[in-house]
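The numbers here are math on the coordinates, done by the rules we state, and not lab data. For clarity, every value in this text was computed on a predicted model and none was experimentally measured. As a convention, Cβ positions derive from the backbone with ideal geometry for all residues, glycine included, and neighbour counts pool all protein chains shown.
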Amino acid sequence: MAPQIAPSILSADFARLAEDVALISGTADWVHVDVMDNHFVPNLTLGLPVVEALLKHSALPLDCHLMIEDPDRWAPQYAEAGAGSVTIHAEAAKAPIRTLRAIRSAGARAGLGVNPATPVEGFEDLLGEIDMLLLMTVEPGFGGQKFLDVVLPKVRRARDMIKGRDLPVWVQVDGGVSAETIERCADAGADVFVAGSAVYGADDPADAVRRLKAQAAKATAAASW
Ligand SMILES: O=C(CO)[C@H](O)[C@H](O)COP(=O)(O)O
């Protein structure tokens with residue numbers, strides 16, 4: 001699959017979300033929506049009503065990343081509302097298989113996310129239940145943090161696991177993804193790239209997306225996976 005870029009609106013202007021989403025709709029593949037509840041992570045952002053409102057204004061599918069304590073309760077509702085993809089965290093879900101199946105049944109892609117220190121090996125048997133594995137490359141909670149290189153071997157192991165099972169699971173990296181780090185992520189096996197500050201902190205967000213995608217495509221073509 002060609003690399004996909006999912007700009008995170010965590011770095012957009014929350015008072016102008018529809019306009020900021022429109023800025024990247026010609027070059028991005030997804031709009032990444034960070035739902036934070038101030039319990040699973042120490043930050044509070046937005047929830048289902050804002051996602052429902054944004055769905056009416058976005059030409060791109062919404063990639064909803066639930067950094068919340070009770071994803072089993074809420075995730076299916078994001079899928080039913082029309083999100084294109086809904087990711088729950090392995091550290092928070094109490095019934096991940098049931099929840100991932102509910103997301104898919106509602107017509108969305110199902111994602112499983114893991115924090116930097118959570119190994120992926122324990123989730124090998126869940127790969128058939130998901131469409132995307134999200135590997136956090138910063139501790140979740142805030143945009144603009146420094147990329148954690150220490151996660152790159154895990155990206156490689158995740159890609160190997162998926163390849164070994166011949167499954168169409170995307171590998172998403174999220175946190176500190178920029179012109180300086182995206183090539184290393186693509187080389188390790190990522191194919192979906194969340195970028196917040198690198199896109200919305202740029203003078204021309206649409207062009208920033210175009211450049212990140214070109215860098216990722218070049219690194220993917222040269223990669224061994
Ligand atoms: O999930 C997130 C933080 O928990 C954000 O999506 C992520 O940090 C994106 O921001 P940036 O690209 O600026 O690091």
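Observations, loosely collected:
- Going by neighbour counts of Cβ atoms within 10 Å, the residues 36, 1 line up, fewest first, as 1, 36.
- Segment residue 105-residue 15, length gained on full extension (0.36 nm per residue, minus Cα span): 29.1 nm
- Estimated inter-spin distance, residue 180 and residue 150, nm [label 7 Å along Cα→Cβ]: 1.8
- Helices that extend 27 Å or more along their long axis by alpha-carbon positions and average at least -1.0 on the Kyte-Doolittle scale are absent among the DSSP H runs of the chain.
- The protection proxy used here, the mean number of other Cβ atoms lying within 10 Å of each residue, ranks peptides 195-202, 115-122, 68-75 as follows, highest first: 195-202, 68-75, 115-122.
- Whether the chain is rounded, prolate or oblate, judged on the alpha carbon gyration tensor where a/c under 1.5 counts as rounded: rounded
- Extending 7 Å from Cα along the Cβ direction at residue 214 and again at residue 2 yields two label points whose distance is 1.4 nm.
- Between residue 73 and residue 166, the FRET efficiency estimated from the beta carbon spacing at R0 = 25 angstrom works out to 0.15.
- Burial ordering of 193, 142, fewest other beta-carbon atoms within 10 Å first: 142, 193
- Set 94/213; 146/218; 56/146; 163/213; 163/218; 94/154 screened for pairs whose C-alpha atoms are more than 25 Å apart: 94/213; 56/146
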